[in-house]
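Only one structure is covered here, and it is reproduced in the block below.
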């Protein structure tokens, strides 16, 4: 299990905490593998899954160097396993978000039932800027949740939105001052734990009854994503990022 993601069960709650603050909690394959295994092996003792991040950032998304060193190319890849596991979790999932939530740091929230965010949180999905496409069903879930035009701003232009706008459009359910984030998050978990677990699971299953459509979109996204990973556009975007320069896509016109 990766030391850069803390995974622990306590009193019916599976806690998954990104613990790589020096790298803004950027996610590596080892972290994906540990999280996928945790979600794939949930048993009846787990009533809630809770995501959080150490330090001043929820997650900067994929660790680009790690991602490029061994990109997703088969069904057993840790990244794909984690993405596919998210919509299959039938207990409530909650998240506490502070600072930046980039890429998968935002798209995994679309599978959470309740999201507590600090007022300094910022959400962005800059896939196109990297020559990639959305993942985790976000091309379907994000427009459905926040509206097509706002989703187009985020997915096509890569523009971030702040916590206040995220609350207005329904991306998050609770807003808290940074110093109150943990207490608010724990209060939400406590409320869930006080409710009948079977009724919670059944209600989530009813609300997620349209999930087959999400699963189909998720798989369609992954087909295109794997194609895009081999593209010259991704190579240019990645090199520009690593060389700390603006990407130049003019030769691709």
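The values are calculated or read from the model by the stated rules, or taken from the named source; none is laboratory data. Because the structure is a prediction, the values reported are computed rather than measured. Backbone-built Cβ (ideal geometry, glycine too); neighbour counts: all protein chains shown.
Would you point out which residue out of 68, 108 is modelled with pLDDT under 95 and either outside any loop (DSSP other than H, G, I, E, B) or closer than 20 Å to residue 189 by Cα (or both)?
Going through 68, 108 in turn, the sole match is 68.
How many of the residues in segment 87-105 are part of a helix (DSSP H, G or I), in contact (Cβ under 8 Å) with a residue 60 or more places away in the chain and farther than 24 Å from residue 177 by Cβ?
Matching residues across segment 87-105 total 2.
So which pairs qualify, if the first residue must be in segment 40-56 and at positive phi and touching a residue at least 12 places away in the same chain (Cβ under 8 Å), the second must be surrounded by 17 or more Cβ atoms within 10 Å (Cβ to Cβ) and part of a loop (DSSP other than H, G, I, E, B), the Cβ gap must be under 8 Å, and the two must be at least 6 apart or on different chains?
Taking only residues 6 or more apart or on different chains, the pairs are 55/24; 55/25; 55/99.
Working carefully through the options 27, 48, find the one that is crowded, with 21+ Cβ neighbours inside 10 Å, modelled with pLDDT of 95 or more and more than 18 Å from residue 188 (Cβ to Cβ).
Unique residue meeting the criteria: 27.
From the list 189, 229, which one is closer than 20 Å to residue 72 by Cβ and surrounded by 15 or more Cβ atoms within 10 Å (Cβ to Cβ)? Don't jump to the end; show me each part of the working.
Details: 189 fails: closer than 20 Å to residue 72 by Cβ.
Going through 189, 229 in turn, just one is closer than 20 Å to residue 72 by Cβ and surrounded by 15 or more Cβ atoms within 10 Å (Cβ to Cβ): 229.
Return the pairs, sorted by first residue and then second, in which the second residue is modelled with pLDDT under 95 and not in a helix (DSSP H, G or I), the first residue lies in segment 141-157 and is farther than 16 Å from residue 104 by Cα, the beta carbons are less than 8 Å apart, and the residues are 6+ apart or on different chains.
none
Can you tell me how many residues within segment 73-86 are assigned to a loop (DSSP other than H, G, I, E, B) and under 16 Å from residue 35 (Cα atoms)?
Residues meeting the conditions: 3.
Which members of segment 162-176 meet the condition of being touching a strand residue (DSSP E or B) at 6+ places or on another chain (Cβ under 7 Å) and either buried (at least 19 other Cβ atoms within 10 Å of the Cβ) or part of a loop (DSSP other than H, G, I, E, B) (or both)?
Listed by number, the residues that qualify are 163, 166, 171, 172, 173, 175, 176.
What do you reckon, is residue 136 in contact (Cβ under 8 Å) with a residue 24 or more places away in the chain and more than 12 Å from the chain's Cα centre (by Cα)?
Here the answer is no, as residue 136 does not meet what is asked.
Just the residues that are surrounded by 19 or more Cβ atoms within 10 Å (Cβ to Cβ) and in contact with a strand residue (DSSP E or B) (Cβ under 9 Å, 6 or more places away or on another chain), please, taken from segment 115-129.
If the condition is that a residue be surrounded by 19 or more Cβ atoms within 10 Å (Cβ to Cβ) and in contact with a strand residue (DSSP E or B) (Cβ under 9 Å, 6 or more places away or on another chain), then 115, 116, 117, 118, 121, 122, 123, 124, 125 are the ones that fit.
Just for segment 10-24: of the residues that are in contact with a helix residue (DSSP H, G or I) (Cβ under 9 Å, 6 or more places away or on another chain) and surrounded by fewer than 16 Cβ atoms within 10 Å (Cβ to Cβ), which one is farthest from residue 94 (Cα to Cα)?
Taking the candidates together, the pick is 11.
Any residue that is in a helix (DSSP H, G or I), in contact with a helix residue (DSSP H, G or I) (Cβ under 7 Å, 6 or more places away or on another chain) and modelled with pLDDT of 95 or more - is there at least one of those in segment 38-45?
Yes, segment 38-45 contains a residue that is in a helix (DSSP H, G or I), in contact with a helix residue (DSSP H, G or I) (Cβ under 7 Å, 6 or more places away or on another chain) and modelled with pLDDT of 95 or more.
Residues in segment 65-82: is at least one touching a residue at least 24 places away in the same chain (Cβ under 8 Å), farther than 24 Å from residue 217 by Cα, crowded, with 21+ Cβ neighbours inside 10 Å and in contact with a strand residue (DSSP E or B) (Cβ under 8 Å, 6 or more places away or on another chain)?
Checked against the condition, which is being touching a residue at least 24 places away in the same chain (Cβ under 8 Å), farther than 24 Å from residue 217 by Cα, crowded, with 21+ Cβ neighbours inside 10 Å and in contact with a strand residue (DSSP E or B) (Cβ under 8 Å, 6 or more places away or on another chain), segment 65-82 yields no hits at all.
Give the number of residues within segment 140-161 that are touching a strand residue (DSSP E or B) at 6+ places or on another chain (Cβ under 9 Å), farther than 20 Å from residue 213 by Cα and part of a helix (DSSP H, G or I).
So the answer is 3.
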